[in-house]
Structure formats: C-alpha cells, structure tokens
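Input: a single structure, listed below in structure tokens.
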Amino acid sequence: MALKMPTLWGFFSGDSTDRRAAYAQIEALDHYHGQPTGLYSADEHFAGRDPSQGVELCTVVEAQFSYEQLLALLGDAALGDRLETITFNALPATLTTDMWAHQYDQQPNQVLVSDVKRNWSSNGDQSDLFGLEPHFGCCTANLHQGWPKFAAHLWMASPATVDEPVGVVAAAYGPSTMRTSIGKGVPLIIRQETEYPFREIVRLVVEPGRAVSFPLRVRIPAWATAADVRVNDVVQSGVQAGQFYRITRRWEPGDVVTLRFPMAVRAEPDYQRSTVLARGPLLFSLPVEADWRTLVDRPGPADDYGLYPKSPWNYALLIDTSRVEQFVSVVEQPLGPAVFDSQSPPVTLQVDGVLVPTWTLVDHSAGPLPISPVVISSDTESTALRLVPYGSAKLRVTVFPVAWPEN
C-alpha cells in the first residue's frame, strides 16, 4: 500500500520529488527482493530474491491497486506493464480455478504445499496451503479486490490541455466494454475484443453516439518491440514500445483500432544467473504433477489442501538465452471457460531440459538454485518439457538454472 503514498502526497505537497518517489521504492524492491511476478518476497517481511520465498496474496491485490493508482497519476506505460505482469501471473496462481481455495503465500518455485515449517521470515507453517482461510483470514477478506479493480482500471481518461480535449486511454488489456460520454455529452462505447494475454491481437471497436473528435491513447507494452497499430486497416506511424500511442481524429460509429503486439518468447535473467521464460505479459512454469490431499475437511467445497509432487521438478533448461527463439516452440490451443485451468492452458511452451540431481528440497522447499550455467556431459539425456502459464500451475518451477554441455 505504501508504494502509492509518496506520489499521492506529491499532489498535495506540490513537490515533484514526492510525486516520483515511487520509482526509487520500486527500484530498491526489485534490486533486493524482486520476484519474476513483478512483486517481491514478503513472507511476512522482505526475504531476498530466492524464488522459494513467499509472496502474500494480500500483497498481490494491494500491489495491483497501487500500480493502478500510480498508472493513473503518472501516466507511465511501464507501470501498466508491471500491473499486467502481477495480474496475469501472481493473482491466478494463488487461487484454485473455482476460487474456493487460495494460498496465503505463493512461491515462484513451489514444489511442495504442506503443513510444515519453511524458511519463511516469520509466517506460520500453513501459509502455503490452499484453503478457505490458511494461516490468517486477511487474504480471504482481500482476494476479491484483484479482478474487479483490474477490470475497473482497464480504461482511463486523459485530462484536457490547451491543445486537446479530454481523451480516452486504453491503460491495460482484456475483453471489456467501456461506456462513458465524451466531448459535450456525446455517448461513447468502446468494445475491447481480444484473447489477450494469450493472443497478440486487440480490437477496439469505437461506437460514439455521433461523430466526435477526441484523442485515444493506447498502451504499447515495452516487450512489444514490433507493435503494429491500425485504424480501419490503415497502418499508423511512429509506434514505440513502452509508450502510450496517441490517435487523434474525428471518430465515426464503427471505427476499429487494431493493435498487434508480437509475443516473441523472452529469456529474462534472474537470481543466481537463472532464467525465466516469458511471452507477452505471461511467465511460464514447469507444472509439477500434484497429489491433492485434504488436510481439513469442511462442509461443501471449502476444504484445506496440501499438494504433494508426483513428477520430477529439478530441471535445468537446455537453451542459449541469447537466441532463445531457436530452442523454444509455442503451441496454442483454443481458450476454454477457465483460461487459467491447469489441464487445458491456451498456450504452452516446448523446451528441452535435463535433471539436476543435486538440486533437492531444503526445508521443504526447492533448495538454492544451482548457479548457471550447469555444466553437463555431452551424453546427458534430455527431456522434452511442456511449460504452462504461471497462473495455471499450482506446483511449479518458474526460475530455472540453465545447462550447457561441457566442451
């Protein structure tokens, strides 16, 4: 919650240093405690960058709201990128598909969920269980904020200036319908038709009550380095990744803005020279087959569960991170009714890996990451791995060591 405080205060103090203080906070958090989900270790206190440390669900939804407010106040596209990373990864990962169970703490490398003592900075033994009210009831009371507040901040307004009237801003992406008025009370509907974050096309169908002029700004994610913007199939010039792109025109009913955000697979460096694979705003994890065991049996569907691994998890990736596209393939499937369902994810990555026998459990969590590159013999047998979106995998490895054959 404190992330947004200095910036909010800056609007009262009039001091631009206050307004931009959030950037110093974010930089420090990323440097000392950053996790690939756009958050930071918080189990219950800051705990470093090891991906076996936990992040509380309250932290997830409160950070979402802070980034939504910071994005509105500062107008920085990078804050929208961070918001989507948290929303499309950390939020669904800590909830079951039916939302009857959640975790207090989630781990990016989460290979065992059980009622045992872990290396939390202060949280209790039940903090990572999936259940109605594991460890403490605050997350049960707060988890409902995540999706509705994100939906409420997909669209924003840009203020009037001496050069232009009030405008509309596509701040984040997801299927939605926005209704407002523009100009001198002209009714305006914009439909966002998309399967983002799993697909790269976003269509904005503009339906004013009558023709009206106003600026429309669309956020171009920093990872979309070859983004394409078209208005009624006419290519627009000057599009830059990591910026808001402004389209000022007289909008007619039925105008269509088509955004294409090419989603190349990225290998993002992480803790101990490890790697996280990402595509668009999604992180990808190795799903570990889980044995769901009821630990507390309650009436109805509100049981508490432990998850015990039934498949190996301690893999290193066989990739060259400087040309990752040559080592990873993308497979798309139709979207189902539950897009973060673990059984039928809309997109998966295929990549080879090798087992690292020395990487084992320590204090009931994945032990310290082997420092990359892990040198293996040239005749080591590899395994084809299927990675799914982070939010789909309840037992998972997300931060991988990288292996390479010895010369």
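Taking a straight Cα-Cα cut-off under 22 Å and skipping sequence neighbours fewer than 8 places away in the same chain, the lysines within cross-link reach of residue 149 are 4. Note on residue 117: aspartates and glutamates with a C-alpha under 20 Å away, same-chain residues under 8 apart excluded, are 43, 44, 50, 56, 105, 125, 128, 133, 291, 304, 363. Calculated mean residue ellipticity, 222 nm, the chain: -4500 deg cm²/dmol, from DSSP H runs (n ≥ 4) at -39500 (n - 2.57) each, averaged per residue and rounded to 500. Only protein atoms count toward the accessible area here, which uses a 1.4 Å probe; on the chain, the carbon and sulfur part of that area reaches 53 percent. Given R0 = 60 Å, the distance between the Cβ atoms of residue 338 and residue 13 translates into a calculated FRET efficiency of 0.85. Against the chain, whose longest principal axis comes from its Cα atoms, helix 57-74 is set at around 30 degrees. Taking the longest Cα principal axis of the chain as reference, the axis of helix 21-33 is set at about 20 degrees.
The values are calculated or read from the model by the stated rules, or taken from the named source; none is laboratory data. Small disclaimer: the values here were computed from a predicted structure and weren't measured. Cβ: placed from backbone, ideal geometry, glycine included. Neighbour counts: every protein chain shown. Each accessible area value is taken on the protein alone, full model and side chains, heavy atoms only, with ligands, DNA and RNA left out. Shrake-Rupley method; radii C 1.70, N 1.55, O 1.52, S 1.80 Å.
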